[in-house]
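Q: My questions all concern the structure below.
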Amino acid sequence: MASMIDVRHVNKAFGGLKVINDCSLSVEAGSITGLIGPNGAGKSTLFNIIAGALPLDSGQVLLEGEEITNRPANELFHKGLLRTFQIAHEFSHLTALENLMMVPPAQAGENLFNAWLKPGRVRHEEEEVRRRALEVIDFIGLRHVRNELAGNLSGGQKKLLELGRTMMTDARVVLLDEIAAGVNRTLLGDLVENIERLNREMGYTFLVIEHDMDMIARLCDPVIVLAQGSVMVEGTIEEIQNNPEVIEAYFGATHDATA
Ligand SMILES: Nc1ncnc2c1ncn2[C@@H]1O[C@H](COP(=O)(O)OP(=O)(O)OP(=O)(O)O)[C@@H](O)[C@H]1O
């Protein structure tokens, strides 16, 4: 199968602290790949490097074979590589529906041009955006709170909205950073279901950082374990949970990773 993302021999240090250490991994197109590892293993740093939010010291990142090393996040966004973000403070004063409608379109420059020359077309596009936002609200099961201010939504509803925002553009691959944190079990079920549907029905590839092992077990295949800034092992969740090296890295040899 083809690669969606390739990380090749990436290194990154903060001051004297080497955080990413000759790290190489691939995320297969169409997969939901989990990225796990003990605290401080470098998961978020690697995410930031892939998403263009942090420059690397050496190495390469490729998106569908094209080199994207150190490209800015907005350029990657237009290429379909997205990362979910917490709803920013200023957006918490907009409704759930408005939050979806505010996601920048894929061709922002062209839209400005159209605003000058083709006002009728812009109106038509606004209606299109609204129609798509309503479809997305239905898909993520938040129609009943579409007119609530985003700041008033529950933690889990906010996560669903963050996921919904990725659906307003033509995403190819979405990076999810600890999306289950603080989400109640019912909404977590909705989130998992939505991620699976986006994967199955819309062909999204996901790379998922998660501490919640239930969620990893339900969602991810394969799972990559990062330790001290490089890949320790990759496999199915069962292989990972039975791997003595992983058990040692997480808990010390006397414990069971499934506990
Ligand atoms: N901007 C920074 N400046 C200095 N050190 C940093 C910076 N960002 C991260 N680090 C350090 O890099 C190491 C890896 O951090 P990172 O957040 O990538 O790990 P993680 O695997 O995501 O951890 P966790 O599971 O706890 O979120 C840690 O020791 C952290 O303190």
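Readers should treat all values here as calculations from the given coordinates under stated rules, not as data from a laboratory. Model, not experiment: these values are computed from the prediction.
Q: List the residues, sorted by chain then number, that are 5 or more residues from Arg83 or on another chain and whose placed amide H is less than 5 Å from its amide H.
A: Leu175
Q: Can you list the HN-Hα couplings for segment 61-77, worked out from phi with the Karplus curve (6.51, -1.76, 1.60; θ = phi - 60°), rounded to whole Hz and with x for Gly and Pro?
A: Karplus-based 3J(HN,Hα) across segment 61-77 equals 10, 10, 10, 6, x, 9, 5, 10, 3, 6, 6, x, 4, 5, 5, 5, 3 Hz.
Q: Are any of the pairs Lys18/Lys158; Lys12/Lys158; Lys18/Lys79; Lys12/Lys79 more than 27 Å apart by Cα-Cα distance, and if so, which?
A: Cα-Cα > 27 Å for Lys18/Lys158; Lys12/Lys158; Lys18/Lys79; rest within.
Q: From the phi of every residue in segment 27-44, what ³J(HN,Hα) in whole Hz does the Karplus formula 6.51 cos²θ - 1.76 cosθ + 1.60 yield, where θ is phi - 60° and glycine or proline is x?
A: In residue order, the calculated couplings are 10, 5, 4, x, 8, 10, 9, x, 10, 10, x, x, 3, x, 5, x, 4, 5 Hz.
Q: Restricting to DSSP H runs of at least four residues, report the calculated mean residue ellipticity at 222 nm for the chain, -39500 (n - 2.57) per run over all residues, nearest 500 deg cm²/dmol.
A: Theoretical 222 nm ellipticity from helices: -11500 deg cm²/dmol.
Q: Taking just the alpha-carbon atoms of the chain, what radius of gyration and Dmax come out, in angstrom?
A: Both quantities, over Cα of the chain: 19.3, 70 Å.
Q: Using Cα pairs under 8 angstrom and six or more residues apart, how large is the relative contact order of the chain, in percent?
A: Relative contact order, the chain: 26 percent.
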